[in-house]
Amino acid sequence: MPANSRLLRDFRHDALTFALSVLALLASLLISGAARADALDDTLVRFLDDKFPQTEKAIGELAAEAPPQAAAILEALGDNRLLIDPADHIVAYKTATGTILNAKTGEAIANAAAFKKVRVNNALRRAIEGATGSLTLANPDPEKRLAAAEDVFRTRDANALPALEAQIAKESDPRVADAFRLARAAILATSDSATAQDRLAAIDTLKARGDQDAQSLIDRIAQKATDPAVKSAADSALSSIHTRLMMWGAAQDLWYGLSASSVLLLAAIGLAITFGVMGVINMAHGEMVMLGAYATYVVQLLLPPSLQNWSLAFAIPLAFLVAAIVGVAIERLIIRYLYTRPLETLLATWGVSLILQQTVRSLFGANNRLVSNPPFMSGAFHVGGLEITTNRMWIIVLAIVVFVGLQLVLRATPFGLQMRAVTQNRRMAAAMGISTARIDMLAFALGSGVAGIAGVALSQIDNVSPNLGQGYIIDSFMVVVFGGVGNLWGTALGALTLGIANKILEPVIGAVQGQIVLLIVIILFIQKRPRGLFALKGRAVEA
Amino acid sequence: MNAQLDRIGLIFVALLALAAITVPVLSLATPADSAFNIPPYLVQLLGKYLCYAILAVALDLVWGYCGILSLGHGAFFALGGYAMGMYLMRQIGTRGVYANPILPDFMVFLNWKELPVAWWGFNWFPYALLMVVLVPGVLALAFGWFAFRSRVTGVYLSIITQAMTFALFKEFFRNDFGFGGNNGLTDFKDLLGFSLQSASTKAALFSASAIALILAYAVTRAIIGSKYGKALTAVRDAESRMRFVGYRVENYKLFAFVVSAVMAGIAGALYVPQVGIINPSEFAPGNSIEAAIWVAVGGRATLVGAAVGAIAVNFAKTYFTGAFPEYWLYGLGLLFVLVTLFLPRGLLGLLLRPPGEKPRVEAPPIAVEEGADP
């Protein structure tokens with residue numbers, strides 16, 4: 001559905017722009033076509049002299065008049081491709097393919113013999129760059145204007161100032177106007193000739209932008225300023241930007257933490273189910289995640305290009321199925337014989353994990369496989385000072401959906417009810433007529449299937465390799481130990497705590513130290529609560 | 001059955017003592033083309049197996065007799081190895097690539113000016129030996145004290161020990177940690193003045209490993225046979241009951257855990273001069289789990305079985321990784337699965353069972369108690 005409506009919206013948008021541009025084209029043809037021709041002629045004549053001051057004047061006029069041919073002419077001039085025939089009074093340029101076109105009419109010229117190049121020097125090149133910049137500032141496409149404004153903001157080219165000021169007056173799109181004002185402020189902040197008033201205005205504008213670039217610009221004003229008013233304004237702006245940046249930084253860390261938590265939750269929640277129901281550790285759980293990731297890879301490989309955008313829609317059910325089937329096989333063939341020996345289950349499933357890893361290595365090779373993001377999951381966007389990568393965002397969404405879905409299964413289905421009963425007291429549940437063997441099998445299928453879904457998510461952010469699962473399994477164990485097995489909320493809380501704490505500690509003491517600190521914290525924590533945050537209570541818990 | 005096990009133990013010790021004498025003799029005193037000659041590389045390989053066997057005996061003490069499946073013994077082993085490696089590193093002195101008399105090569109490479117405090121004293125052999133014992137011992141003491149006091153048992157304990165191993169694994173990979181980072185410690189020249197390359201040093205190290213294995217067996221056997229050992233086994237079989245009877249269960253476990261960790265450290269210290277390198281991959285969580293399968297293959301709570309299992313599995317590993325490198329992981333994986341499913345008492349358990357009699361219990365009853373603590 002969302003993709004559908006997006007398509008529709010795109011279509012509407014396209015149709016609208018098309019209609020507008022047709023109108024604009026018609027209007028420009030009708031109104032200004034005739035009037036402009038003479039002005040352009042006057043300008044082009046200046047090139048025929050081939051004298052630097054004349055050429056510079058011509059550049060300035062091209063920038064100011066902005067006829068449709070200006071961009072091509074300026075580009076050709078910069079590349080030494082602008083040609084003149086002083087005898088016949090023709091200005092022309094050579095295209096990249098070598099054909100010669102009349103600069104004014106755009107018609108091809110067959111006879112190239114009489115032409116000579118227009119000379120340029122470095123001063124002229126600068127003028128050309130400035131003029132090209134101002135031309136883009138006047139581009140009819142608002143996106144192009146925005147990009148040009150960003151360009152000026154970065155280069156802080158003082159030559160662009162007049163064009164910029166002219167455009168600010170004309171600009172109708174508020175976003176672009178803002179960008180223009182920022183660019184102007186950036187130029188004023190760095191130029192030595194700006195007045196105190198200009199500088200104060202620049203500081204105000206930059207303060208509103210409030211990012212790292214703005215900070216460094218204001219810093220430059222503060223260092224150069226002699227006027228006390230400017231100086232104090234700059235200082236206060238600096239401190240306000242500083243706190244702002246700190247807050248955004250903290251928010252960004254929180255976001256990273258949330259993203260790490262969602263991955264942890266996806267990887268650990270299946271483990272919590274199997275561990276909770278059966279009290280056995282499935283060391284091959286990481287390999288279920290890995291299988292899910294490879295299922296995504298296979299889907300991407302087999303799907304025709306027309307369906308590639310929908311690959312995840314196929315990958316998620318397939319990954320669930322593959323992992324669930326393998327999980328059931330492990331449960332039926334191995335784990336069910338080892339229920340009274342949990343420690344040996346650990347060893348046996350470790351053996352299974354080795355076999356699965358080696359199988360995948362034999363089938364797909366030991367190298368990383370590339371799984372590409374579908375379009376809606378690639379790229380990033382900004383919310384204030386926050387950079388949000390789209391794939392991470394969707395993984396968070398997926399984690400929430402999986403969590404809610406599992407809660408529904410556990411709370412609202414007969415299977416969930418029976419599963420909870422077995423978790424709480426296996427013997428009593430069996431005495432009440434629940435087939436514990438069946439529940440074990442289904443719980444294992446569910447837990448493994450969810451791990452497969454986690455694999456789909458991980459394939460979007462991590463390398464798909466046979467060792468994929470190994471990287472997450474120990475952290476998942478920690479989540480389960482920390483959160484306890486009585487309740488999925490424990491797993492969620494455990495994943496959130498560990499994920500966020502890790503990302504908050506990471507910049508302070510480094511990634512590895514952060515993990516070690518967390519490990520120590522967990523060991524100390526289970527002093528107080530040996531069975532995790534949400535422990536089951538009851539007589540059979542120890543069993 | 002215990003008497004039977006002791007008889008096997010005696011044979012085992014006698015064989016080891018024999019090997020400790022004959023292997024060096026055959027290696028050094030016979031001509032290289034003789035059929036009886038044991039080339040130095042083989043001596044080294046056998047010595048490596050014996051170190052693994054010590055590790056297996058150490059693990060059997062805690063797993064077989066106390067029900068603690070520690071997945072941290074690979075880490076204790078590696079810590080002992082690092083302590084020995086640091087001594088060997090400082091012995092290199094001016095023979096290193098950078099010829100710095102104090103700083104090992106990797107520190108010069110990283111542009112360090114002073115020897116980190118952790119490395120002080122390691123040029124003195126007795127201090128290094130002390131550290132071989134102390135570092136794993138103290139870590140085990142601290143870790144075990146917290147873990148056992150809060151009654152972390154069963155798979156929870158396994159996971160926590162594995163997490164500890166994993167944390168060390170990652171930490172040792174860092175250059176800043178000061179132990180050679182990714183490359184670890186290597187390029188060793190000599191031990192107590194004897195060149196590590198010479199055949200006689202290799203033979204001596206083999207004998208030392210064999211003697212260490214005998215001692216490890218003797219110490220463990222003595223612990224198991226003592227009154228304390230009986231209590232330890234009782235803790236394994238019925239922890240809560242022992243606690244109710246009035247035993248301080250955690251102290252029993254802690255003692256066994258620390259002794260075992262120290263033995264693992266000593267095994268690591270003997271291992272490093274023989275293989276000539278110690279790097280962070282020795283901390284890999286998989287290594288610790290593999291050690292558990294050696295014990296399982298040989299037979300838990302048999303000591304001899306653990307040692308035999310370690311030697312047998314590692315022999316198979318050497319053979320298969322050479323002959324069929326792609327299939328070794330399948331083989332190892334299947335070994336894990338099949339042994340736990342069909343050979344819960346290991347090879348020695350199979351041997352010890354009188355013919356015709358069906359096993360009374362499938363596995364030694366370990367840590368599964370119904371309706372224990374509320």
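At a glance:
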{"read-out": "Candidate set from the stretch A:222-263 (those that are β-branched (Val, Ile, Thr) and modelled with pLDDT of 85 or more); member that is farthest from A:Val508 (Cα to Cα)", "value": "A:Val263"}
{"read-out": "Within the stretch A:398-494, helices (runs of 4 or more DSSP H) holding 2 or more residues that are not assigned by TED's automatic domain parsing to the domain that holds A:Arg332", "value": "A:470-483"}
{"read-out": "Subset of the stretch B:323-368 that is under 25 Å from the mean Cα position of the chain (by Cα) and at positive phi - its residue that is modelled with the lowest pLDDT", "value": "B:Ala367"}
{"read-out": "First in the stretch A:204-218 and at negative phi and surrounded by 14 or more Cβ atoms within 10 Å (Cβ to Cβ), second anywhere and modelled with pLDDT under 75 and not in a helix (DSSP H, G or I), Cβ under 7 Å, 6 or more apart", "value": "A:Asp211/A:Gly385"}
{"read-out": "Scan of the stretch B:149-195 for residues that are acidic (Asp, Glu) and either closer than 15 Å to B:Glu282 by Cα or at the interface with chain A (Cβ under 9 Å from one of its Cβ atoms) (or both), ordered by number", "value": "B:Glu171, B:Asp176"}
{"read-out": "Among (1) surrounded by 15 or more Cβ atoms within 10 Å (Cβ to Cβ); (2) more than 14 Å from chain A (Cβ to nearest Cβ); (3) in contact (Cβ under 8 Å) with a residue 60 or more places away in the chain; (4) closer than 17 Å to B:Ala78 by Cα - the single one B:Ala118 does not satisfy", "value": "(1)"}
{"read-out": "Boolean, B:Ala301 is part of a loop (DSSP other than H, G, I, E, B), within 7 Å of chain A (Cβ to nearest Cβ), surrounded by 16 or more Cβ atoms within 10 Å (Cβ to Cβ) and at pLDDT below 90", "value": "no"}
{"read-out": "Any hit, the stretch A:369-377, residues being in a helix (DSSP H, G or I) and either closer than 25 Å to A:Gly286 by Cα or touching a strand residue (DSSP E or B) at 6+ places or on another chain (Cβ under 8 Å) (or both)", "value": "yes"}
{"read-out": "Residue under evaluation A:Ser378, criteria (1) surrounded by 15 or more Cβ atoms within 10 Å (Cβ to Cβ); (2) more than 20 Å from A:Ala251 (Cβ to Cβ), criterion not met", "value": "(1)"}
{"read-out": "Checklist (1) surrounded by fewer than 17 Cβ atoms within 10 Å (Cβ to Cβ); (2) within 19 Å of A:Arg341 (Cα to Cα); (3) in contact (Cβ under 8 Å) with a residue 12 or more places away in the chain applied to B:Ala291, failing item", "value": "(1)"}
{"read-out": "Members of the stretch A:329-358 found to be surrounded by fewer than 17 Cβ atoms within 10 Å (Cβ to Cβ) and in contact (Cβ under 8 Å) with a residue 60 or more places away in the chain, listed by number", "value": "A:Arg332, A:Arg336, A:Tyr339"}
{"read-out": "Given (1) in contact with a Pro (Cβ under 9 Å, 6 or more places away or on another chain); (2) assigned to a helix (DSSP H, G or I); (3) within 14 Å of chain B (Cβ to nearest Cβ), number of the condition A:Ser353 does not satisfy", "value": "(1)"}
{"read-out": "Qualifying residue in the stretch B:220-242 (condition: more than 14 Å from every other protein chain (Cβ to nearest Cβ), assigned to a helix (DSSP H, G or I), in contact with a helix residue (DSSP H, G or I) (Cβ under 6 Å, 6 or more places away or on another chain) and closer than 30 Å to B:Leu26 by Cβ)", "value": "yes"}
{"read-out": "Subset of the stretch B:319-347 (residues that are more than 20 Å from B:Val57 (Cβ to Cβ) and more than 13 Å from chain A (Cβ to nearest Cβ))", "value": "B:Tyr319, B:Gly322, B:Ala323"}
{"read-out": "The stretch A:359-375, residues that are crowded, with 20+ Cβ neighbours inside 10 Å and either more than 28 Å from the chain's Cα centre (by Cα) or within 14 Å of chain B (Cβ to nearest Cβ) (or both)", "value": "A:Val360"}
{"read-out": "The stretch A:145-182 - residue that is closer than 21 Å to A:Lys207 by Cα and basic (Lys, Arg) and, of those, surrounded by the fewest Cβ atoms within 10 Å (Cβ to Cβ)", "value": "A:Arg154"}
{"read-out": "Single unsatisfied condition, A:Arg36 versus (1) at pLDDT 80 or above; (2) surrounded by 13 or more Cβ atoms within 10 Å (Cβ to Cβ); (3) not hydrophobic (A, V, I, L, M, F, W, C)", "value": "(1)"}
{"read-out": "Breaking point among (1) modelled with pLDDT under 85; (2) touching a Ser or Thr at 6+ places or on another chain (Cβ under 6 Å), for B:His73", "value": "(1)"}
{"read-out": "Residue check, B:Glu290 within 14 Å of another protein chain (Cβ to nearest Cβ), among the acidic types (Asp, Glu), under 14 Å from the mean Cα position of the chain (by Cα) and part of a helix (DSSP H, G or I)", "value": "yes"}
{"read-out": "Selected residue [part of a loop (DSSP other than H, G, I, E, B), farther than 30 Å from B:Ile224 by Cβ and of a type in the set (A, V, I, L, M, F, W, C)] from B:Leu88, B:Leu42, B:Leu103, B:Leu26", "value": "B:Leu103"}
{"read-out": "Selected residue (criterion: farthest from A:Ala437 (Cα to Cα)) from residues of the stretch A:319-350 that are of a type in the set (Val, Ile, Thr) and away from chain B (no Cβ under 11 Å)", "value": "A:Val322"}
{"read-out": "Sole residue being part of a helix (DSSP H, G or I), at pLDDT below 75 and outside the structural domain of A:Gly385 (by TED's automatic domain parsing), chosen from A:Ala201, A:Ala208, A:Ala189, A:Ala214", "value": "A:Ala189"}
{"read-out": "Filter result (among the polar types (S, T, N, Q) and within 18 Å of the chain's Cα centre (by Cα)) within the stretch A:262-304", "value": "A:Ser262"}
{"read-out": "Filtered residue count, the stretch B:27-44, keeping only those that are closer than 24 Å to B:Val304 by Cβ and surrounded by fewer than 17 Cβ atoms within 10 Å (Cβ to Cβ)", "value": "1"}
{"read-out": "Residues of the stretch A:82-99 satisfying the condition of being outside any loop (DSSP other than H, G, I, E, B) and either more than 44 Å from the chain's Cα centre (by Cα) or among the basic types (Lys, Arg) (or both)", "value": "A:Leu83, A:Ile84, A:Asp85, A:Ile90, A:Val91, A:Ala92, A:Lys94"}
{"read-out": "Top-ranked residue of the stretch A:244-287 - restricted to ones that are away from chain B (no Cβ under 14 Å), among the polar types (S, T, N, Q) and buried (at least 24 other Cβ atoms within 10 Å of the Cβ), ranked as nearest to A:Ile500 (Cα to Cα)", "value": "A:Ser261"}
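Residues checked against (1) surrounded by 24 or more Cβ atoms within 10 Å (Cβ to Cβ); (2) without any contact (Cβ under 8 Å) to a residue 24 or more places away in the chain; (3) within 14 Å of another protein chain (Cβ to nearest Cβ); (4) in contact with a Ser or Thr (Cβ under 9 Å, 6 or more places away or on another chain):
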residue	(1), (2), (3), (4)
B:Arg90	no, no, no, no
B:Asp105	no, no, no, no
B:Trp112	no, yes, no, no
B:Phe122	no, no, no, no
B:Ala128	no, no, no, no
B:Leu139	no, no, yes, no
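The values are calculated or read from the model by the stated rules, or taken from the named source; none is laboratory data. This structure is a prediction, so every number in the text was calculated from the model and none was measured. Methodologically, a virtual Cβ is constructed for each residue, glycine included, from the backbone with ideal geometry; neighbour enumeration extends over all protein chains shown.
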